[in-house]
Structure formats: C-alpha cells, structure tokens
Amino acid sequence: MNESNAEPYRLPTDGVWFITGCSSGIGQSLAQLIAKSPGRIVATARNITSLSAIIDGPNVLKLALDVTSTSSIEVALSETLTKFGRIDVVVNNAGYTLVGDTEAAGDEESRALFDTNFWGMVDVAKKAIGIMRDENARVDGQQGGVILNISSMGGFMGFPGSSFYHASKFAMEGWTEAVAKELPVEWNIHLCNIEPGGVKTNYATSSLKTMANGRHPAYADPTHPTNVLLGYMGKEENRSSWAEPDAIAAAMYRLVSRGQRIPIRVPLGADAYGMITMDIESIRKDLDEFKEISLSKYRPVVQLQKLPLGFSDGGWASGWILTLCVQAGLQAYVRKKTQEEPSLVHGVDSHPLLFCALLLPLSTGHEIFQSYNLEMLGLLLKVGTNPNQNHLNTSIWGVFLSQCYIKRQYIAKVVERVLAQVFTLLVKHGAEPEAKIETGKSSEKATFSGRIMKYSVYTSVSEIIEACCPDEVHNFRVVIEKQRGYSILKWIGWNINRTTEIYKSVGTLSRSFSEMSVDSDYTPEFSLGMRPETKQLYRPDDRSTWDEWNPGNVRTDAEAGSFAQECALIVRREPHPSNNNQAALHSITVQSPLIKKVLEGTFQGFEGLNMQLKQLTFKAPFHPFYYRWHRFEKLRQDEQDQNTKNHLDLLYAILSKEILPHIEVMEDLTKNKVISFDYLWTIFSPGMEVYTKIDGHDRIVLLRDSRYGANMSGEYFSLEFRYIDCDGLRFGYVETSLEINSFDGVKKLVDLDAFPSHIHPDVEGLVRQLYARGNKLTQLNGFHHMSYSGFYTARSSRQVRKRHVESGRIIIDPHTFNIYGMPGPNLESVETDAPTASADDELFGTIHNVIYKATSQAFQEYESALKQYEKHGKGGSSVQARALGPKQLLLCTPIVRGYCLTSKSWAEFDIENVGPIRWSENSFARLVLPHGYKDIIHAFVQEQLSRDDGFDDIISGKGLGFIMLLSGDPGVGKTLTAESVAEEMHQPLYSMSAGELGETAAEVEDSLELVLELTSKWNAILLLDECDMFLEARTTADIRRNRLISIFLKKLEYYRGVMFLTSNRISDFDPAFESRIHLTVHYPALDTASRLHIWKTFVRMGNSDSRLSDKDLATLAKNEINGRQIKNIIKTGRLLSKQQKVPLGMEHVEMVLKVKRGDFR
C-alpha cells in the first residue's frame, strides 16, 4: 500500500483550476481569488447565470455543470481541455445539507443527497485522475495534479439531525483516503479532504434542505439533541463568529500553491481544528479505557450507561455536549433536571456542572465557545453550585483561575469583557477574591545540604484578572471591595470636604476629583491631567501590564495609580520590534484638558478623532500628528497661556523626535518628485483629493484612510476613498478602494497608480475636464432621453459585457435602473461644500497638511484652478449643480446609469459620450401613406402624449392608452410610421418584436408588464412589431396560445401610453381585440406613384452623387417591390458605384435587380 501524498506538489504558475459549485460560498470565493491570480479558472454551477459575481477575462471560463449527470461532467471537462489543454486542480465543492430526523427521511431524498455530495464528487474525480495522468503530461510534461474534496468537520465527527449529510461526507473521506493510497507516487496526483468548520455561507440557510416528510412526532421535545442544535444554528448571533468564505478560500490556495506536501485531510478554522482534536482525544480515551475488551478473545455484551442529561457516557465528550446546551440556552431544561435530582449540580461524569460550564470554553479553540452564557452560570450558582467546591485537589474557582492564567495569551480582546463578567459573577456568589492560586510557576532555593529545591509560586486573584482582562481590572476591583463590605465612597478613600479644600488651594481647573480613582493613602495635588509632568510606562511584551518606566521593577498597577492620573501625559514604551535592547514608543494618552483644547484646533475636520474623550490615546506611529504637524506647531507657538504652553511642550518634546524625521524624508523625496514604498503613507493624508485612473477615466477621489497590507501576491498599500454618485433623486458618497503594489527603490510620483491630485502635471486641464464632467452629471441626474456614441457596459443578472453603439438612443434614468436593472451603490449624504478659502486660512495659510506644505507651489496652482470656478458655481444654471460645490463636482463619477433602447438592456454610460439627439425632422413628411392617413395618426398620437384629456373608463384606470394597429404587406411603411411619429414628436421609441416577449404565459406576462410600465413611465411610444401570434383568433385546440392572448388582452386594457401594433395579415382577427384597439390602419400595396416617391426619396438621401434621371426612376417604379426592398437595392447599388468610383447609375440598379431575380444572362 502506498503512503498517501508522500511527495511535495508544485503548482504551475498558470495552473488550471476546475471548481464545482461556484454560485456562492467557498466555491465562489475561491473562483474570485483564482480569477485575480496568474492562474486559470473554470468556474461551474448548475445555472451559469449565478456566476455573474466572478469577473470575466481570458483566463476565466464559466460553464454550466450538473454533477449528478455524467454527460454534463464529460462536456464540461471536454470544454476545459479545449480552452486550456490541461487541469491542475479540481475542487469538488458542490453539495448541500439535509436536516431532520433519520426516521422521517424518505428514500428518494436521502439517495439524491448522496448523488450530489458523494457520487457527483466521485464521477468528477475519476475523470480528473485520467486527465491529470495522461493529458497533462502531453501538454507540458508536468504530470499530475491535486483533487480537493470539500468535506466538513462533519466528515470526521457526527452531529444530531444530519445523519445522511454526515454519512455522505464520511463516505467522501473514506473514498478519498483509499484512492490516494491506490495511486502510484510517480503519477504526482494528490487527493485531500478539506474539513471546514462553521463558514458564513448558505450552509445554514438556503443550502440547508429539510426533509420532505417534516419532523417525526417522536422527536418533538425541544430538549432533544436535534432541536437543541437547530435552535443554536438558527440564531444569527451564533453564526456571526463563523469563518468568512474568503479566508477558507485563501487557506486552500495556500495549501496547494506553497510547494509542499498535501495531507489527506486538513481541518480549516479554529472550531474545526479544536473539535476534531477533542474528538481524537475522546477516541483515544475510549481506546485506552476499553483496550482489554478490544484485545480479548471473547466479546462480552457492554451495557452503555446513560447519563442524567440523556447523553451516552463519553467522558469529556459529554461535557462538550453540555457546553453546547449552555450555548443554546437550555436553562429551563437544566433547572428542571436539577430540581428533580439536586445531586446533578455537584457532578456529571465526575465533574461539577459549574466546572464544565467554566472550563470547556477555555479548553477549545472554537470561537463560539470562547464566551459564556451568563444566565446559565447564574442559574447553576443559584441552584446551589459553590465556586469554592473542592475539585481536583483544589476548588472550582482555583482551577478556573489557574486555567485562565495559563491561557491568558490566547484570550482575544473581544472575550476579555465577557470573561470579566464571569469573574464578577463568581465573586458575587462567594468565590474568594483574595485567594492565592498556584499557576504553574516555580522558584528555586538551595538548602543547607546543597540540594536545589523547587517551590511553587502562588499568584493573587487580582494579578490573574489583570493578566487576563487588563482593560476590566478597575471595574473588578470595585466589585471585590463591595464584597469586602466597603461603600464606594469609602473605597475611593476620600473626604469630600477635604478634597474641595485641596482643589481650591492648588488653583487648578474646575474639574472634579470624582473623575479620578484615588488610592486611600494618597493625597492628590492636581485634578485629572493637570500635573505638568509625564508618566513614563513600560512593558516587556504585549501580554504584560504597563509598569513604571524601568523594565526591572516589580510589576505594579502603575497606570491606574493616583499619581499617574494627575499627569498631563501617560507615555508607554515597549521593546523595539527589531531591537529588544531599545525601547520604542507604543502610545501616548493625553489627560490634560489644556492640551485637548489645543488639539481641537489641530485636528479640526480630521475624521475618526474625538477630543472630548476622557482618555485620548494616540498610538505609534502617530499619523494624525504627522499630517497636522504644522498646525500643531503653529498653535503651540501662538499659545499665550503659560500653563497650557508648559503642557504642550511636554507633548512636543516627545512627538517631535517621532514626527520630524519622517517629515524631513518626505520633503526630500517630494522635492525630487519621487517616493519609496515605505514612505507612501507620508503623502496621503485623510481628507485630501487624490488623482487616479479607473477604467480609463481620469478621476479625483476623496481619501478617507490608508494602510499597508499583504496578501499572497505580496505587500500593498491600500487607499480607501469615496466619490460622488447619484441615484436619479439625490447625490451621495460611494466608498471604494485601490491598492498600490509594493515596489523597490523609488518611483516617480506621477507614475503611481494614485497620487495627490494637486501634483498632476496638467492640473488646470484636469480641473477643467472634471468640473465640466461633474456639471454634466448634475444636469443628467433624473430622466433624460439622449443620444449615445461609444462603448457602454450592459448589465444584467446573467452577465456584464461591453457593447458599442453609434448614435444610439438611450434613456438616462438611474432611479429606474436601480429598481429594474442592477441595484446601484449605497449613497452616503453629501455635506455642503465649504468654500476653498476656509475660516482658519488666515492662521494656517490655506495649508491643511504637511504634504500641501511640502509641495506648496503645486498646491497653490491647484487652488487657483479651483477658485476660478467658485463664482461660476454660485451662479449655476440648475439647482442640483448649485448643490455641489466646485471640489465636489471634481469628485463626480464619470458614469451615468440608464437604458439602451437599441440593445434593450440596462447599462452604464460614459457621461462624456452622452449628447443631445439629432432628430430627423423630415422623416414624417417623407412617409408615403394614402391621403389623410398621416393627419389622423399625427393628431391621435399628439393628443395622447399630451395627456390633457381627462376622459376615463367607468372603471378607473382602464382604457387610458391609445393603441393603433397597422396592418399590411411587408415593406409598405408600418414600422417606418411608428419610427417617424416618434421623431416628429421628439419622444423615445421602444421597439421590439412579439417574439422577444417570451414563449410561456409567465414569461410573456412578466416581459409585457415590464415593457408597458417602462414606456408609460418614460412617455415613450411602444412599437410591438410582428404581433400576429397575439392577434389571431383563439381556438379551443391550443390552450397554451389562448393563455398568451388572454394575458396580452388584459395588459392592453390597462396600458396608459401610445402603442403601435404591426401585423402582416389581418384575415383571422380575434374579435376581443376590436374593443382594445382604438384605430386600425390598413396599408394597401404600393402603387406606381407611391413606389416612384420612395425611389426618389432614397436616391436623394445621403451625400452620394446619382446619374438616375426622372425617366429612369419612373421605369424602376414599375417593378412591384415594397419600400424596404427599394431601400436595400439603392444601398447595394451605391456600394457597387463606390467600388467603381462613379456616380450611381441605372446600370448599377439593374445589376442589383438581376441578381435579386436570379437573372444572370
């Protein structure tokens, strides 16, 4: 038997990934990740329209795939090989969950689950193995590949209520392991079970399928395990800590691409790892416990002992299940059981209930269990559980504290607050607050005999709590003192009258001492933050508390001390990350109200800072101070109050050493118009305008934040910014981001993907262009019928694609786009744009940050370019334009949303390609119709579009539209009539054929309802061409067609606009239409005079010369052809004459007529 996956696997740089189940969740996240990598991706799903979230590209192939169909699998794999030639990684991700009671499961649904979860995986993997062995070697010589089968931690261990799901995953894992051991090592094919824990996918929602027969009545008790688990999973707050699918996808990509061995199974997520580890430990315990029976010759019958809570004896496993019950909130059940049998309180499975409830959250890595159900703990304490109960040679309280101290470095910040509540609850119910706990530490001491003896060292409760919950230690001290019997005022240790006397004698600001937590043996000299001194603190690592600035000191609560609270500043230092012998600044807390008042002016308009906080903390590297350093220096320099100046000098002395070196480097770099990757942060200040190119458009965006990050491609610098968009009703900010990848050395500022807008080489031209574009957006926000030439982006639920149109008609309507097209972005409110010259310009000289100061000349040019539009902005022609200031107009999107009437698709249009419509003013006059027809049609349509007539049906809302039927042979002018009327009335024309409405009754109803609603909203003329299938009389034989006609008739009755219907025959007209159609116009066949008029019209159109005489045209008019045919003949003849470089003549037209008749003599 081969050792499975023994050798490392190296993924080709452009490896081909074939992934099933990409419509959502892990599959979608992995496909999106691969699509952005150098690799190639085949994303599959049952419905290909569900793959729209995955970007298109030359390395992306989207296919429909049903894994339960072998023919579908073969087609998908064949298309993959046709496009990419090989498959390197297969990810079997398709699957779903079946939940319910095993007894209630139907045979068909249980087998269907296996068809997808197990057999679908098997069929794909079997085909993939052959491709990896044979086809891959032919392409580039690298044989082999990887097959990742997406199992679950439920493929390793079972949970109640999903027996068939677990069975399918157990089968998957067994099959994967067995096949991996079948394959020769030299084939280089690696199989792996991926075992995620809880993931924020559709697993617990849309992918969770309940059994068709419903729940079995025998399992209705809410305390039964399945109901407990379903109740737990059904709560959104319990799923909030599950892993993100992007994180699982990134871990899978790393597993395959890192060039190392791929194991048979990989748990993903802290919960999966922790629970599988616990299950293995439980199995190992059972193996040891029953070893004698396992190895014995005979097999005695073993009677399973049932625990009081109804779970089989499994040691710690039963404790874990109990914790699951606690998290599910089964207080009523536990209360009932403990009332029935009080002894349960003191021991289940040899462990007290309180012990299980306290210790198990600390014993697992599952994020959900690293918190506590305080109501359950309170219940256990109320019914008699004693925290000081003896257990494991100490007390429950002692064991709990000891475990907390041991695991203190793994306690997340979000858990600290809950853990502090647990401490408080236990102390309030009798836990000893002054106990000394053995925490595993030891000290050594030499005896008189020379032997070295080790002595246990005990840690106090307060020290343990301080180590585990440093941010909560003060509140906990209050609780301890209350338990000792002291009042709050006595604990504070102050006589209020004496406090007031000291306060007055010192002459400090009118701030109450009650804001300070003062030690009982300390007499304050200053109120909070008023001592003109700095308190220096230090810690050796991030798990230690802050001590006096002396790493060798015994640990004390230096930060909470009374003296520290008086100091203007608290400065914290820790070892330098690259040199432990050197201390680096960690943070500074400003307590001085005098400094805070100055900082209000320093950080005016700076997002994310609030100077009113009692403790205002800034963390290294103090970016806010860097960006506003010149303001801070100016305010410090101008400060007249000596006490305030003294306080500011303390802060300046510390920060100047941190800030000024960065400013000097930034000034040197920007002076030479370059920047390094490490110093990108120095040129991007929150609130500044940034230039970038997005989809080929010049853009200015407003920076909100920036930070460094890293992913599989390396380091990057991320910029979070916002721009202004509209929804047809209002304007608002939209947030987005951009990343600048790392680079070596320095780079020209203007070569960056984004840089401060004021250093643009043609800043005046940029401002002029974007101001005009923004102003145009304000004019287009709403409803507008416009012309468009150029590329646009058509969007639908199925796909996003680029299209091109030339002089096409479009509807600008962002509001309707958001309803019927694709939902637009969420808009944040836009504040009033302040004038370029703000109130504090006199103080700071219009310079708002150090970047502007370092590049002051470029910034002044930028400001000058803006100022010329301020007066222009105040006198804007529209209310909307005046609502946005000059700077805000620069931030406007270059895209406007609406509908393309040419392609009949919702689309995003480039504002610069939108223009007014050039109407064909003479089109209606050139229309060839019998005498009087045009006058009647013109009058009817004009009056209907004006909507002045208040005439209504007896039933309100019926018959308010105007429907005209145009019938006649092809090419006699029916379609041209509607088109000409729209041009004459300057109204939109929505033209479509009846076939585009769909085939089924449901499709026709939905399509027709949408079309009628849009045309009515836009006051457009609707042309429904070739609608004979709807107009023909109904018969009893075709029920399906009768339904279509009934729906069509119903919609016509309530239509409010103008509609033209065209038909080539009217011989078998359904009588029901006679009452719905207001005017029927029959177009007779063209006579000679009409044809002559059409010949003359088309010959004279355009710029081409013609040698056709009136006699020639009269001769041509004798040919019995329709108007469309005449047009096509003239067009073809002109192409022929242009080829010969001569004017259009009779010989060209006759040549086309001969070809048309098939006369080649």
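Compactness of region 89-132 was expressed as the Cα radius of gyration divided by 2.2 N^0.38 Å, which yields 1.43.
Listed from fewest to most Cβ neighbours within 10 Å, the set F684, F618 follows the order F618, F684. When T20, T1115, T1088, T855 are sorted by how many other C-beta atoms sit within 10 angstrom of their C-beta, beginning with the fewest, the order is T1088, T1115, T855, T20. Less than 5 angstrom separates the built amide H of L1023 from those of Y990, S991, M992, F1060, all sequence-distant by 5 or more or on a different chain.
I need F18, F859, F159 ordered by Cβ neighbour count within 10 Å, fewest first.
Details: F18 28, F859 23, F159 18.
Sorted ascending by nearby Cβ count, the order is F159, F859, F18.
Taking amide H positions as modeled 1.01 Å from N, with prolines and chain starts lacking one, no residue 5 or more places away or on another chain lies under 5 Å from L884.
Which of the peptides 223-230, 669-676 is most tightly packed, and how do the rest follow, going by the mean number of other Cβ atoms within 10 Å of each residue? Show your work: numbers first, answer last.
Numbers: 223-230: 18.6, 669-676: 16.1.
Going from most to least packed, we get 223-230, 669-676.
The three principal axes of the C-alpha atoms in region 16-286 carry coordinate ranges of 61, 44, 34 Å, sorted with the longest axis first. Using only alpha-carbon positions in region 627-711, the gyration tensor eigenvalues give semi-axes of 33, 16, 12 Å once each is multiplied by 5 and square-rooted (largest first).
List, in the order given, every pair from K776/K853; K671/K853; K904/K934; K597/K619; K1017/K1051 whose Cα-Cα distance in the structure shown is over 21 Å. Beyond 21 Å: K776/K853; K904/K934. Given R0 = 35 Å, the distance between the Cβ atoms of Q860 and H784 translates into a calculated FRET efficiency of 0.35. Put simply, the amide H of N849, placed in the peptide plane, has no neighbours under 5 Å, leaving out anything fewer than 5 places away on its chain.
Given Cα positions, please report Rg to Rh for region 626-772, the hydrodynamic radius being the Kirkwood one. Intermediate values should be presented prior to the final figure.
Numbers: Rg = 18.5 Å, Rh = 17.6 Å.
Across region 626-772, the Cα-based Rg/Rh ratio is 1.05.
Values of log10 I(q)/I(0) for region 1-131 across q = 0.10, 0.11, 0.12 Å⁻¹ run -0.36, -0.43, -0.50, by the Debye formula with one identical scatterer at each alpha carbon and no solvent. Placing one equal scatterer on every Cα of region 1089-1157 and applying the Debye formula, the log10 ratio I(q)/I(0) at q = 0.11, 0.16, 0.26, 0.29 Å⁻¹ is -0.21, -0.46, -1.31, -1.63.
The numbers here are math on the coordinates, done by the rules we state, and not lab data. Predicted model only: the values in this text are computed from it and were never measured. Heads up, the Cβs are rebuilt from the backbone with ideal geometry, glycines too, and the neighbour counts pull from every protein chain shown.
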